[in-house]
Ligand SMILES: Cc1cc2nc3c(=O)[nH]c(=O)nc-3n(C[C@H](O)[C@H](O)[C@H](O)COP(=O)(O)OP(=O)(O)OC[C@H]3O[C@@H](n4cnc5c(N)ncnc54)[C@H](O)[C@@H]3O)c2cc1C
Ligand code: FES
Ligand code: FES
């Protein structure tokens, strides 16, 4: 047995750096559970140094150019390549959010929450290394990109050597550290539907220090019709075994006349739906309390952005 | 696993090194003699191992060395030396921004990346840019002062 907690990488693994998605899925088919995909490596290498994961093979995605980049789709949606770094996504969203109002119908016009999640993400160094696909596939309940993507009804495509499926992100997370992706599947695309008019979004993260993962985070999206919330999504992180949507709170919000009192009520409702635990970062009670507050605040902020 | 030959370009010099697959860029650099790159937490938290890869600040402890093949790596020694220090290096000396000095190489490189992007950073921008670099000695105040001063110095240099 190797000594634990040396923070050094144990030696027994080899690596591949395929150039195409197909080659990567072939390697996954061949090595199965013995192999791990590595995108930015910021989760995987830490887990390997802690000896929580001991793959025999690492399959790096770094040289597969087809997995990177952000594309606007014809129908107005956005396609995000999984190896897009958090920093690259932040810069893309920041520059497109600065577009003049005439471009308001652009696919990114209401993606403020995703931009905020990228901005709150850890340190500059980690932002440059961490990828959005790695953030989802690591399936941490604290993944910062998950709540905004859930709130935008994102979909993901998983490919193996012989199969391909596209599913809503709501079905993707199974348990802490576990997604629906099989060991032979690669996350190849993340899709955001076309943005709706009169829609605003917001993300709020509470953490011990900005560089840390969240104690609680929440993302909301509201579509407005007059004074009513015509459609809405509320998603939270670090409050349950997986990133989750507060669907009862969403239902209570939709169709109602928006007000501070309503936002407060919806925040409390969302806090009843979560299943937080106490851990090194926060107690269960703190998470319960703060979830109501940040859902309320995020709703107010998103509502302001609908006008 | 068998070591493989990896070509690393560090501070303008090219090295061919036989590296085992588990060698992080941090330890590859230190073994090549670039001991100005420090090992702290080994988990991405402290920033002591910060290097610039193609002008981007990364944690060398979380990067496998073979992934840096062919890329331009810069350590703090690549910015300047005792005879010809970079304005950031000089400012860290002048403002007492280093005590034990263990965080200093990472701090200076994170600051360099910031100034490349924002030549006139605000206080908030400086603090944010250094959020991945921990210092147990200085309390950060002098570090911020040093960076602010280096920014002014670089600006004056540019204006000639
Ligand atoms: C110091 C530090 C601070 C951090 N702060 C934050 C934070 O504030 N917020 C936050 O959310 N996270 C944070 N993290 C966690 C981590 O950086 C993120 O989860 C990051 O997005 C992971 O991306 P990666 O590319 O580095 O993933 P990797 O480590 O490369 O991969 C993570 C997992 O996903 C799998 N995987 C990756 N890509 C694919 C793919 N395309 N298809 C199938 N499987 C894939 C890998 O096999 C692995 O199991 C932090 C990490 C560190 C070390
Ligand atoms: S040693 Fe790399 S971040 Fe601490
Ligand atoms: S000077 Fe000692 S850690 Fe910063």
Checklist outcome for this item: Counting only residues in region B:91-110 that are in contact (Cβ under 8 Å) with a residue 40 or more places away in the chain and either more than 17 Å from residue B:127 (Cα to Cα) or more than 14 Å from every other protein chain (Cβ to nearest Cβ) (or both), the one nearest to ligand 1 (Cβ to nearest atom) is identified as B:102
Checklist outcome for this item: Selection over region A:122-139 where residues are facing another protein chain (nearest Cβ under 7 Å) and in a helix (DSSP H, G or I) yields a count of 5
Checklist entry - Within region B:46-68, how many residues are over 25 Å from residue B:136 (Cβ atoms), more than 9 Å from chain A (Cβ to nearest Cβ) and touching a strand residue (DSSP E or B) at 6+ places or on another chain (Cβ under 7 Å)? => result 3
Item to check | Some residue of region B:80-100 being within 24 Å of residue A:126 (Cβ to Cβ), at pLDDT 95 or above and touching a strand residue (DSSP E or B) at 6+ places or on another chain (Cβ under 8 Å) | outcome: no
Checklist entry - So residue B:21 fits all but one of (1) modelled with pLDDT of 95 or more; (2) more than 13 Å from ligand 2 (Cβ to nearest atom); (3) surrounded by fewer than 22 Cβ atoms within 10 Å (Cβ to Cβ); what number is the exception? => result (1)
Checklist entry - What about residue B:88, is it within 9 Å of chain A (Cβ to nearest Cβ) and within 30 Å of residue A:212 (Cβ to Cβ)? => result no
Checklist outcome for this item: Checking B:53, B:37 in turn, the sole residue that is away from ligand 1 (no atom under 16 Å from the Cβ), buried (at least 17 other Cβ atoms within 10 Å of the Cβ) and touching a residue at least 12 places away in the same chain (Cβ under 8 Å) turns out to be B:37
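The values are calculated or read from the model by the stated rules, or taken from the named source; none is laboratory data. These figures come from a predicted structure and were not determined experimentally. Every residue, glycine as well, gets a Cβ built from its backbone with ideal geometry; the counts of neighbours run over all protein chains shown.
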